[in-house]
Protein chains: 2
Amino acid sequence: MLTRTPASVTTNGRSYRVPNTPTVVICIDGSEPGYIERAIEKGLCPNLERILKTGTNTLALSVIPSFTNPNNLSIITGRPPAVHGIAGNFFYDREAKQEVMMNDARFLRAPTILAEFQKAGSKVAMVTAKDKLRTLLGKGLDFQKGTAIAFSSEKADKANMAENGIENVLEFVGMKLPEVYSADLSEFVFAAGVKLLKTFRPDVMYLSTTDYVQHKAAPGSAIADSFYKMFDRYVGELDALGCVLVMTADHGMNDKHLANGEPDVIYLQEILDGKFGAGMTRVILPITDPYVAHHGALGSFATVYVDNDKRQAVLDHIKTIAGVEVAIPAEEACKRFELPADRIGDVVVLSSKHKVLGTSAAKHDLSGLTEPLRSHGGLTEQTVPMIANRKIVVPAGRTLRNFDVFDVALNLVA
Amino acid sequence: MLTRTPASVTTNGRSYRVPNTPTVVICIDGSEPGYIERAIEKGLCPNLERILKTGTNTLALSVIPSFTNPNNLSIITGRPPAVHGIAGNFFYDREAKQEVMMNDARFLRAPTILAEFQKAGSKVAMVTAKDKLRTLLGKGLDFQKGTAIAFSSEKADKANMAENGIENVLEFVGMKLPEVYSADLSEFVFAAGVKLLKTFRPDVMYLSTTDYVQHKAAPGSAIADSFYKMFDRYVGELDALGCVLVMTADHGMNDKHLANGEPDVIYLQEILDGKFGAGMTRVILPITDPYVAHHGALGSFATVYVDNDKRQAVLDHIKTIAGVEVAIPAEEACKRFELPADRIGDVVVLSSKHKVLGTSAAKHDLSGLTEPLRSHGGLTEQTVPMIANRKIVVPAGRTLRNFDVFDVALNLVA
């Protein structure tokens, strides 16, 4: 019997061609424009240098908040958070009156492109740096069929057939288990991707790294250059294997500190408590996650829950704070940034390029910050690279988003 | 003989349906989100209130620089400045060694949607507030055929058949010639639009106002509310005439002043002269035009011309200036903002929400600033309304730009 693969897969209202060539999408966490260019200038990235010339080198806009999870979920679903529901790592459940962590796949409201490709008969693979992201991105994959593999560097040693479609990953990749806070955690993702492409030969593969290095080190620094030199080696290997390769980032990254190296923080809960009284507002920082060492839960996006009769006064006051770039009601934020209304506070606040938003000084553990803070979350971290090892044809008038990356890789490559 | 109109018109790589219903696009200059909403809350805009509920109320992104001419030309061509060539009001001609004002139609590199519709057999009309914009937007219209009318409020008294396709405009509109610096200059545009729709019955019409009011007055202020109340009356008339009506803005508008009311200016030429010596760099402010009274040529976008061997040092220094949000080399700016490489300096600089970029204090005539400065040009003025009196269907995954407004009006309306 002849098995037939459909010509395209449609999910969340968008259609993607089923590829004849293995197609690899990489999300380089926190890869602010400039990192790759500075490393190329020093001759450290010969493969990327060649690809930028012979393929495609352009830019795209991320989702706001420019955080990891909202953007990774947008990439894997091809749609903004209004569709997939993941607007950050945390939201406040008004009915249950508690802060809820959105790192469980039940919070995801849309099917993923990978799961839909698997259903349509394609082989798919995914490797993430952190395991929590793997659980979100891996929703809907069926590991019983032998056509899907998904695991994280962080828990590579625990990967098993039932939950990951693969076992003995450390031997498979040929690296030891990396530390959670390390450049190795991302390198493991790339090494695993090369190995999967050689052996499992997925039709569609997604690789997603962690921004440990980018939080620590600016473009052109020795640490950053070393990371991109390593990355370039794997880019060369992937490219040499004949795949369509498209790279983007979940968000950019900027210095967020004073000249003396201290983080430049607007402690929003303190300010609002001082003005309106304790307990009148609740500031949620959706960047907060269990791995705060490299950013201290400080980013450029916050959302404030407040009773309706006080909202305008709170908005008006927030607008007077130096370093606040955007302070808008939830309705406007949901429209402008395509966010899910039930998972965002009543006011949305974005800080300027070099400032971050905190709750109160006592609540932020900054002991893990060994370097001056670099972070993200705002409009100034919305521009990210979109690099392909083929020429692409973007329809006239269209503004690329990072969550168009599967569309670019499957539909727009020449 | 049966004359046949083609089903669609293609220009600059985009296709537009030829409408069965008269289609009106309005660009409300400087209409930052919030102006309309604040006026609606006070009950001043019953027509817009109804349209926002029964039609479409969403947001779109403008072109950067968020200035009037680049955005109006993007709207009328459907493409970014990289395609149409108008990146501001001024550029520096390196060969001729002189600053060149780009307000002449010869600088426009792309055909306009209106001219292409006329060529395809449609009747078209356009009214602008200022006459210089009319000369740019009106390029390619043929006034000999009786199927095109284009004039400005500013020179309505001088309109003639040869250059405008209409004469005796003051009597036609029933208003006296407005002052250049006035809300009346925009009201004249709306009144003319209603009259044209009733009598000339264009298939496609473009109305573009001036931001005199928005530069002076914030959303919710008495002056702004009064403007939008006036606007709403004409919106009601246009809507009642049965047209498809879509409204957007060329850019937003924000306060750009200190608490004491003084403009908050980064005098970039002064800073660069102090650091690198006079004559080493040339700061161009593309907002500069002959009508500076309401902004003093102060906006949030500047471009710097500098010899290549000094460019990195200049970039590095500009990045250290407080209030600079973006400082990037021209190549990156042209890619990110889709700008024409030959009409932009070597470095592009954007300031933060409440700051503007100047050359040197002595060169800015601020005597016309009777109110604390409000201006635009940066990323914080990129978000603008996109309002239609019909439901629209936006393809999944697409981010609307203000220069999609003709696509919205002609192709996406339900």
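Computed from the coordinates by the stated procedures, all read-outs in this text should not be read as laboratory data. As the structure is a prediction and not an experimental result, all values here were calculated from the model. Every residue, glycine as well, gets a Cβ built from its backbone with ideal geometry; the counts of neighbours run over all protein chains shown.
What does the charge dipole of region A:305-401 about its Cα centre add up to, to the nearest 20 debye, if the Cβ of each Lys and Arg holds +1 and the Cβ of each Asp and Glu holds -1?
About 600 debye.
Which value results for Rg/Rh of region B:57-188 when Rg is the Cα radius of gyration and Rh the Kirkwood radius based on the inverse mean 1/r?
Result for region B:57-188 is an Rg/Rh of 0.99.
Going by how many other Cβ atoms sit within 10 Å of their own, how do A:TYR206, B:TYR305, A:TYR228 line up, fewest first?
Final ranking by Cβ density, sparse to dense: B:TYR305, A:TYR228, A:TYR206.
Averaged across the residues of B:378-385, what count of C-beta atoms belonging to other chains lies within 10 Å of each residue's C-beta?
3
Can you give me the C-alpha center-to-center distance between region B:167-237 and region B:375-401, rounded to a whole angstrom?
Each part reduced to its Cα centre gives a spacing of 22 Å.
On a C-alpha basis, how far is the centre of region A:58-114 from the centre of region A:244-287 in Å? Whole number, if you could?
A separation of 18 Å, based on Cα centres.
Taking a 22 Å limit on the Cα-Cα distance, which of the listed pairs B:LYS275/B:LYS319; A:LYS256/B:LYS355; B:LYS158/B:LYS216; A:LYS119/A:LYS195; B:LYS176/B:LYS256; B:LYS119/B:LYS145 fall beyond it?
Too far apart for the 22 Å limit: B:LYS158/B:LYS216; A:LYS119/A:LYS195; B:LYS176/B:LYS256.
In debye, nearest 20, what is the charge dipole magnitude of region B:234-373 about its Cα centre with +1 on Lys and Arg Cβ and -1 on Asp and Glu Cβ, if you could check?
About 400 debye.
If I take every Cα pair under 8 Å that is 6 or more residues apart in chain B, average their sequence separation and divide by the length, what percent do I get for the relative contact order?
Reported as a whole number, the value is 28 percent.
Using a 10 Å cut-off on Cβ to Cβ distances, tally the other chain neighbours for every residue of A:55-66 and report the average as a whole number.
Neighbouring Cβ atoms belonging to other protein chains average 1 per residue here.
Report, by chain and number, residues whose modeled amide H sits under 5 Å from the one on A:SER152, excluding near sequence neighbours (fewer than 5 apart, same chain).
The list, which skips near neighbours in sequence, is A:THR128.
Bins of 10 Å, beginning at zero and ending with the bin holding the largest distance: percent of Cα pairs per bin for the protein assembly as shown, please.
2, 13, 23, 25, 20, 12, 4, 1, 0
Hey, can you list the DSSP H helices of chain B whose Cα span along the axis is 20 Å or longer and whose average Kyte-Doolittle score is at least -1.0? Write down the numbers at each step before the final one.
Numbers: long enough: B:184-199 (22 Å, 0.77); B:222-240 (27 Å, -0.04).
Answer set is B:184-199, B:222-240.
Among A:SER8, A:ILE51, A:PRO65, flag the residue with its Cα farthest along the positive direction of the charge dipole of region A:1-136, charges on Cβ as +1 for Lys/Arg and -1 for Asp/Glu.
A:SER8
Let's see if you can work this out: charge +1 on each Lys and Arg Cβ, -1 on each Asp and Glu Cβ, no other charges. What is the dipole magnitude of chain B about its Cα centre, in debye to the nearest 20?
So the magnitude is around 1180 debye.
Taking other Cβ within 10 Å of each residue's Cβ, how do B:MET386, A:MET253, A:MET101, A:MET230 sort, fewest first? Intermediate values should be presented prior to the final figure.
Working: B:MET386 23, A:MET253 29, A:MET101 14, A:MET230 19.
Lowest count first: A:MET101, A:MET230, B:MET386, A:MET253.
Given only helices, namely DSSP H runs of n ≥ 4 each adding -39500 (n - 2.57), what is the per-residue ellipticity at 222 nm of chain B, to the nearest 500 deg cm²/dmol?
-8000 deg cm²/dmol, from helical runs alone.
Need the C-alpha centroid separation for region B:324-354 versus region A:294-337, integer Å.
The two parts, judged by their Cα centres, are 28 Å apart.
Classify region A:297-342: rounded, prolate or oblate, from the alpha-carbon gyration tensor (a ≥ b ≥ c, eigenvalue square roots; a/c under 1.5 rounded; otherwise prolate if a/b is larger than b/c)?
It is oblate, given that a/c is not under 1.5 and a/b is not larger than b/c.
Could you give the C-alpha radius of gyration of region A:265-371 expressed as a fraction of 2.2 N^0.38 Å, taking N as the number of residues it contains?
1.03
Averaging over all projection directions, find the projected area of the Cα convex hull of chain B and quote it in nm² with one decimal place.
Computed as one quarter of the Cα hull surface, the answer is 20.5 nm².
Which is the longest part of chain B that has none of the trypsin sites (Lys or Arg not before Pro) sitting in a DSSP loop with at most 14 other Cβ atoms within 10 Å?
Result, exposed sites excluded: B:177-390.
Which of A:ALA115, A:THR135, A:ILE86 sits closest to the plus end of the dipole of region A:82-141, meaning its Cα is farthest towards the positive end, when Lys and Arg get +1 and Asp and Glu get -1 on the C-beta?
The one lying farthest along the dipole's positive direction is A:ALA115.
Defining a contact as two alpha carbons under 8 Å apart and six or more residues distant in sequence, what relative contact order in percent does region B:146-235 show? Show your work: numbers first, answer last.
Values: 85 pairs, mean separation 19.2, N = 90.
Answer for region B:146-235 is 21 percent.
So what is the relative contact order for region A:265-371, in percent, with contacts set as C-alpha pairs under 8 Å and at least six apart?
39 percent
I'd like the Karplus ³J(HN,Hα) series for region A:171-179: coefficients 6.51, -1.76, 1.60, θ = phi - 60°, whole numbers in Hz, and an x wherever there's a Gly or Pro.
5, 4, 7, x, 10, 7, 4, x, 5
For B:ASP289, A:ASP29, what ranking results if the residue with the fewest other Cβ atoms within 10 Å of its Cβ goes first? It would help to have the intermediate numbers written out before the result.
Working: B:ASP289 20, A:ASP29 26.
With the fewest neighbours first, B:ASP289, A:ASP29 line up as B:ASP289, A:ASP29.
I want to verify a result. In a Gaussian network model of chain A, Cα cutoff 10 Å, which of these has the top mean-square fluctuation: A:VAL393, A:VAL244, A:VAL348?
Among A:VAL393, A:VAL244, A:VAL348, the largest GNM mean-square fluctuation belongs to A:VAL393.
For region B:34-43, just list the computed ³J(HN,Hα) in residue order, Karplus coefficients 6.51, -1.76 and 1.60, θ = phi - 60°, integers in Hz, with x standing in for Gly and Pro.
x, 4, 5, 4, 5, 5, 5, 4, 8, x
Could you run the Karplus curve 6.51 cos²θ - 1.76 cosθ + 1.60 with θ = phi - 60° over region B:379-386 and give me ³J(HN,Hα) per residue in whole Hz, x for Gly and Pro?
Whole-Hz 3J(HN,Hα) from phi for region B:379-386: 5, 6, 10, 8, 8, 9, x, 9.
Could you work out, for region A:119-192, what percent of all Cα-Cα pairs fall into each 10 Å distance bin, beginning at 0 Å and stopping at the bin that holds the largest distance?
Binned Cα distances yield the sequence 22, 54, 21, 2.
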